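First the structure, in the form of structure tokens, and then the observations on it.
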Amino acid sequence: MLPTLQLGPLALNTPGLILIIGIWLGLSLAEKRSPARGVPSVQLYNMSALGMIAGILGARLAYVLAHWQAFQGSPLSILSLNPKLLDVWGGAALGAAAMLWYSQKVKQPLLRILDAYTPAAAVFMIAWHLSNLASGNAYGMPAALPWSIDLLGALRHPVQAYEALAALAILGLLLKLDARMKSSGNEGAFFLAFLALSAASRLIFEAFRAEGELLFGAVRSAQAGAWLLLALSLLLLKKRLKLSAEHALEDKNTHGNRF
């Protein structure tokens, strides 16, 4: 656990730094690979920038609206750089809406955009788990193992490291599958494969976490959600792959009839 990185007189928030690096690396990878999916790098860059700006503004606006009385005495505090004065869900909603608007403006299908952003999402998941490891969040159950970590007064499963390694494996697998999932009718399959693999990972490693809400006193809510996401993504992935196979067959028949 390393919540703060001390560089001389400068104290850096390690989890936040890891997330920023993860976003930068993920978007760089996505921009490099997006042209092969029919999304120019400049479009992906503009969409990302727009989403981030709208997300920050939306997060502050949502927080101010929810806590308006706290700002009535000092309206200028609305412009504060304090990251605690942000509403994550409000920012995510406005950021996503702005990106969706831009994708429609440049006439890019939503499924193609989701596929283009999949490498960025996969890299971000690695950074997310590493940031939890640095902060001590999402900690594991007590375990006396050679690789256990000392956290909150007990030796525990480094479940954050488990999930980070799993996310790294998912990224590697997706990059191998990438070339095979660019055929006609296949748009969205790449993103759905990422969802299915990430849901399976959460389903497995949630059992090693020390905390989690229970449904009906037996099943963890996170595992139930992972089951649902896994089933839905696999169902949709099956449909996309079936559509791709049908398109390939049509192209083959059309090509054969020309001779």
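So, in region 7-36, how many residues would count as being touching a strand residue (DSSP E or B) at 6+ places or on another chain (Cβ under 6 Å) and surrounded by 14 or more Cβ atoms within 10 Å (Cβ to Cβ)?
Of all residues in region 7-36, those touching a strand residue (DSSP E or B) at 6+ places or on another chain (Cβ under 6 Å) come to 11-12, 14.
Right, trim to surrounded by 14 or more Cβ atoms within 10 Å (Cβ to Cβ) and you get 14.
Looking only at that region, the number is 1.
Is it the case that some residue within region 88-95 is over 27 Å from LEU174 (Cα atoms), outside any helix (DSSP H, G or I) and at pLDDT below 90?
no
Of the residues that sit in region 37-55 and are among the hydrophobic types (A, V, I, L, M, F, W, C) and farther than 15 Å from ALA120 by Cα, which one is surrounded by the most Cβ atoms within 10 Å (Cβ to Cβ)? Even if it seems obvious, please write down each step before you answer.
Here is the first cut: in region 37-55, the ones among the hydrophobic types (A, V, I, L, M, F, W, C) are 39, 42, 44, 47, 49-50, 52-54.
Now drop any that are not farther than 15 Å from ALA120 by Cα, which leaves 42, 50, 53-54.
Values: VAL42: 12, LEU50: 15, ILE53: 13, ALA54: 20.
Here the answer is ALA54.
For TYR102, work out the one condition from (1) at pLDDT 90 or above; (2) exposed (fewer than 14 other Cβ atoms within 10 Å of the Cβ) it doesn't fulfil.
Result: TYR102 passes all but (2).
Please specify each residue of region 56-86 satisfying the condition of being open to solvent by less than 100 Å² (accessible area, probe 1.4 Å), modelled with pLDDT under 85 and not small (Gly, Ala, Ser).
HIS67, PHE71, PRO75, ILE78, ASN82, PRO83, LEU85, LEU86
Tally up the residues in region 105-119 that are free of Cβ contacts under 8 Å to residues at least 24 places away in the same chain and buried (at least 21 other Cβ atoms within 10 Å of the Cβ), please.
0
Are there any pairs, at least 6 apart or on different chains, whose C-beta atoms fall under 6 Å, with the first in region 57-76 and touching a residue at least 60 places away in the same chain (Cβ under 8 Å) and more than 19 Å from ALA96 (Cα to Cα) and the second small (Gly, Ala, Ser) and surrounded by fewer than 11 Cβ atoms within 10 Å (Cβ to Cβ), and if so, which?
If the second residue must be small (Gly, Ala, Ser) and surrounded by fewer than 11 Cβ atoms within 10 Å (Cβ to Cβ), no pairs are left.
(1) open to solvent by 40 Å² or more (accessible area, probe 1.4 Å); (2) assigned to a helix (DSSP H, G or I): which one isn't true of ALA224, the others all being true?
(1)
Could you check how many residues of region 120-146 are open to solvent by less than 20 Å² (accessible area, probe 1.4 Å), assigned to a helix (DSSP H, G or I) and small (Gly, Ala, Ser)?
5
Report yes if some residue within region 99-116 is among the polar types (S, T, N, Q) and either farther than 26 Å from GLY26 by Cα or touching a Leu at 6+ places or on another chain (Cβ under 8 Å) (or both); otherwise report no.
Narrowing region 99-116 to residues among the polar types (S, T, N, Q): 103-104, 108.
Then drop every residue that is not either farther than 26 Å from GLY26 by Cα or touching a Leu at 6+ places or on another chain (Cβ under 8 Å) (or both), which leaves 103.
Yes: region 99-116 contains one or more residues that are among the polar types (S, T, N, Q) and either farther than 26 Å from GLY26 by Cα or touching a Leu at 6+ places or on another chain (Cβ under 8 Å) (or both).
Do we have GLU206 as acidic (Asp, Glu) and at pLDDT 85 or above here? Talk me through it step by step, then tell me what you get.
Values: acidic (Asp, Glu): yes; at pLDDT 85 or above: yes.
In short, yes.
Tally time: how many residues in region 147-190 are part of a helix (DSSP H, G or I), within 30 Å of ARG112 (Cα to Cα), open to solvent by 10 Å² or more (accessible area, probe 1.4 Å) and of a type outside the set (A, V, I, L, M)?
3
The values are calculated or read from the model by the stated rules, or taken from the named source; none is laboratory data. The model shown is predicted, which means the values in this text are computed figures rather than measured ones. Cβ: placed from backbone, ideal geometry, glycine included. Neighbour counts: every protein chain shown. We work out accessible area using only protein heavy atoms, side chains counted, and drop any ligands, DNA or RNA first. Shrake-Rupley method; radii C 1.70, N 1.55, O 1.52, S 1.80 Å.
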